[in-house]
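To start, the structure under review is shown below, and the notes come after it.
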Amino acid sequence: MLEASAAVASAVVAAFALLFTWKGIRTSALRTEDVYRWANEAIISLNSLYLLLYLSRHKLLKATDIDTKTDDILFTTSNLVEQGRLLFKNAYHKTHGAEKQPAYRGLRPAVLDPLVLAHQIACHWREADEDRRAAMEAVVDDCVKTFVSLAQHEVGRKGTVSKDTQKGGNGADLFHRLADVTPEQIRTLRR
């Protein structure tokens with residue numbers, strides 16, 4: 001009888017351990033998926049802002065279109081910062097933000113900083129002069145690269161599956177590739 005009770009107890013303990021392990025794995029997978037979706041939205045906003053500033057400098061879009069799209073990014077980046085606070089907690093700091101609500105106490109996670117800077121750029125874009133806008137373009141370019149690097153550490157794979165994607169690229173450059181196009185290739189396309 002004692003052996004039967006021990007066997008049942010052992011089975012119950014094993015079932016609970018399996019349940020807790022499964023829940024932990026599932027929670028971890030959900031968090032990764034949530035961070036991945038959020039990071040993709042952030043990359044779209046950051047890169048769109050960079051492209052808008054670039055296109056503005058080269059006068060390739062109407063100023064009104066740039067203003068409208070910059071306004072959209074102003075709202076989106078603010079929302080992404082707040083959503084990011086759900087995914088990444090502030091770093092504890094003894095005094096910084098001690099009087100604030102719990103989600104705002106301490107030091108903001110570094111992964112949110114590029115979004116905060118992009119939001120500030122979108123807020124101040126209209127009144128900036130040409131030199132300030134050029135500096136803003138450089139800052140947002142750095143924000144894109146910093147954010148993608150931080151997000152890659154958070155959700156990116158350690159390696160690739162295919163040997164082909166493991167190979168280094170050739171530094172794709174349009175003007176070098178254009179120089180390699182032969183007249184025969186152009187004639188073939190025009191047929």
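The values are calculated or read from the model by the stated rules, or taken from the named source; none is laboratory data. Keep in mind that what you see is a predicted model, and the values were worked out from it rather than measured. Note that each Cβ is placed from the backbone with ideal geometry, even for glycine, and that neighbours are counted across all protein chains shown. With ligands, DNA and RNA removed, areas are computed over all heavy atoms of the protein, side chains included. Shrake-Rupley method; radii C 1.70, N 1.55, O 1.52, S 1.80 Å.
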Handout entry: Of the criteria (1) over 16 Å from the mean Cα position of the chain (by Cα); (2) under 14 Å from residue 47 (Cβ atoms), which one residue 124 fails
Key = (2)
Problem - Selection status of residue 82, surrounded by 13 or more Cβ atoms within 10 Å (Cβ to Cβ), part of a helix (DSSP H, G or I), modelled with pLDDT of 95 or more and acidic (Asp, Glu) - result: no
Handout entry: Residue tally, condition surrounded by 10 or more Cβ atoms within 10 Å (Cβ to Cβ) and modelled with pLDDT under 90, over segment 132-184
Key = 6
Practice task
Scan (1) open to solvent by 60 Å² or more (accessible area, probe 1.4 Å); (2) more than 21 Å from residue 34 (Cβ to Cβ); (3) part of a loop (DSSP other than H, G, I, E, B) for the single condition residue 97 breaks and write down its number.
Solution key: (1)
Problem - Pairs, first under 22 Å from residue 153 (Cα atoms) and of a type in the set (Val, Ile, Thr) in segment 73-94, second modelled with pLDDT of 95 or more and open to solvent by 30 Å² or more (accessible area, probe 1.4 Å), C-beta under 7 Å, six or more apart - result: 77/119; 81/119
Exercise for the section: Would you be able to say whether some residue in segment 51-63 is within 18 Å of residue 146 (Cβ to Cβ), open to solvent by 60 Å² or more (accessible area, probe 1.4 Å) and not small (Gly, Ala, Ser)? Expected result: yes
Exercise for the section: Might you let me know whether segment 148-158 holds any residue that is under 21 Å from the mean Cα position of the chain (by Cα) and farther than 30 Å from residue 74 by Cα? Expected result: yes
